[in-house]
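Asks: Handing you this structure, nothing more for now.
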Amino acid sequence: MGTFTQISRPLYRLFISREENCTMRCDLHVHSIASGMFNAPGLNRICRECYTDPAEVYERLKRMGMSIVTLTDHDSIDGAEPLRQHADFFLSEEVTVRMPSGTEMHMGVYGITERDHAEIQRRRNDFIALLMYLTERKLFFSANHVFSGLTGRREAEDFHWFESYVPAFETRNGQMWPKSNESAARLAARLGKIAIAGSDSHTIAGVGLTFTEVRGARTADEFFVGLRTGHGRIHGAHGSCGKLTADVFSIVRSLFWDKPWTLAMSPLAVLVPAFTAGHWLNEIRFCRKWSSAIERGEKRKRMLWDLDSSFEANWAS
């Protein structure tokens, strides 16, 4: 993305926001086979998080009416290679970031280059160093599924960092409990964050069902101008336990096709509904705990210099 994405609201209205221009849509959270292996013990050597070919993702997104296309694979841009031929494709990734508290979060980073990807991966275990790089490069980034336990535990100070330094929150994720999305939307509105949406789909069925829309934009650059200046709108489906269960069955089916010897474990597939139900209940618990804690807590701005004694250690490595 160019520096034009830092445009002000008046300039946006003058140069971009015209009634005759079409509406642009983009699913800002979508995965392909390049997202790597499933991270659960026992499955991390045999099962992928997603089996969908990048070209198939692209075609599905275009059929679903997306104006521009990106992939947000986990810590990877490998899926982008077959899509570079398309003028409406831009490079992004979902980064697994270690917070100062020691927890992890997923951050969407958009409109990057190969060099950005290398630097992001080098810094992703140090949130502060990564933050400085993204800010210096003026890259657009978001905190994804804010009220989800997908990345493990959360600490209260993590939310202070999100509040002060992350410009956008994913307020509608196509795999999340509706109440989790609603809590993220309320928090984003209270803190004045940019709201974005994406399907977070790991199977072809959900691709493009949840998306972000900007009126009047004509290019990817202008799309992000619109987001930064408050012209973005979120649309589409929330998640459900049934939807998650269907997706897991789809991934299991792809695993059997990819590695026929795993068919020996097919009787275990009957446990999938129990697994997804347990996960879904944990997501509900996580959301209720943290949305309640945040909504009753006081708003507190955290400054970059408001760090503990480990600050120097962060930079010593």
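The values are calculated or read from the model by the stated rules, or taken from the named source; none is laboratory data. Keep in mind it's a predicted model, so treat the numbers as computed, not measured. Please note: Cβ atoms are built from the backbone with ideal geometry, for glycine as well, and neighbour counts cover all protein chains shown. In case anyone asks, the SASA skips ligands and DNA or RNA and just uses the protein heavy atoms, side chains included. Shrake-Rupley method; radii C 1.70, N 1.55, O 1.52, S 1.80 Å.
Asks: Condition test on Leu130, is it assigned to a helix (DSSP H, G or I) and either touching a residue at least 40 places away in the same chain (Cβ under 8 Å) or of a type in the set (A, V, I, L, M, F, W, C) (or both)?
Replies: yes
Asks: Are any residues in region 97-127 open to solvent by 40 Å² or more (accessible area, probe 1.4 Å) and not in a loop (DSSP other than H, G, I, E, B), and if so, which ones?
Replies: Residues satisfying the conditions are Arg98, Glu104, Glu114, Arg115, Ala118, Glu119, Gln121, Arg122, Arg123.
Asks: In this structure, does Ser317 turn out to be at pLDDT below 95, open to solvent by 100 Å² or more (accessible area, probe 1.4 Å) and out of contact with any Gly (no Cβ under 7 Å at 6 or more places or on another chain)?
Replies: Yes: the conditions hold for Ser317.
Asks: Let me ask you something else. For region 174-191, indicate whether the set of residues that are open to solvent by 10 Å² or more (accessible area, probe 1.4 Å), out of contact with any Phe, Trp or Tyr (no Cβ under 8 Å at 6 or more places or on another chain) and either among the aromatic types (Phe, Trp, Tyr) or on the phi > 0 side of the Ramachandran plot (or both) is non-empty.
Replies: No; the residues of region 174-191 include none that is open to solvent by 10 Å² or more (accessible area, probe 1.4 Å), out of contact with any Phe, Trp or Tyr (no Cβ under 8 Å at 6 or more places or on another chain) and either among the aromatic types (Phe, Trp, Tyr) or on the phi > 0 side of the Ramachandran plot (or both).
Asks: Criterion first (modelled with pLDDT of 95 or more, surrounded by fewer than 16 Cβ atoms within 10 Å (Cβ to Cβ) and farther than 19 Å from Leu227 by Cβ) does His31 satisfy it?
Replies: no
Asks: Scan region 241-250 for residues that are in contact (Cβ under 8 Å) with a residue 24 or more places away in the chain and either of a type outside the set (A, V, I, L, M) or over 22 Å from Phe211 (Cβ atoms) (or both) and report the count.
Replies: Total meeting the criteria: 6.
Asks: Among the candidates Gly198, Gly216, Gly236, which residue alone is open to solvent by less than 10 Å² (accessible area, probe 1.4 Å), in contact (Cβ under 8 Å) with a residue 60 or more places away in the chain, in contact with a Lys or Arg (Cβ under 7 Å, 6 or more places away or on another chain) and of a type outside the set (A, V, I, L, M, F, W, C)?
Replies: Gly216
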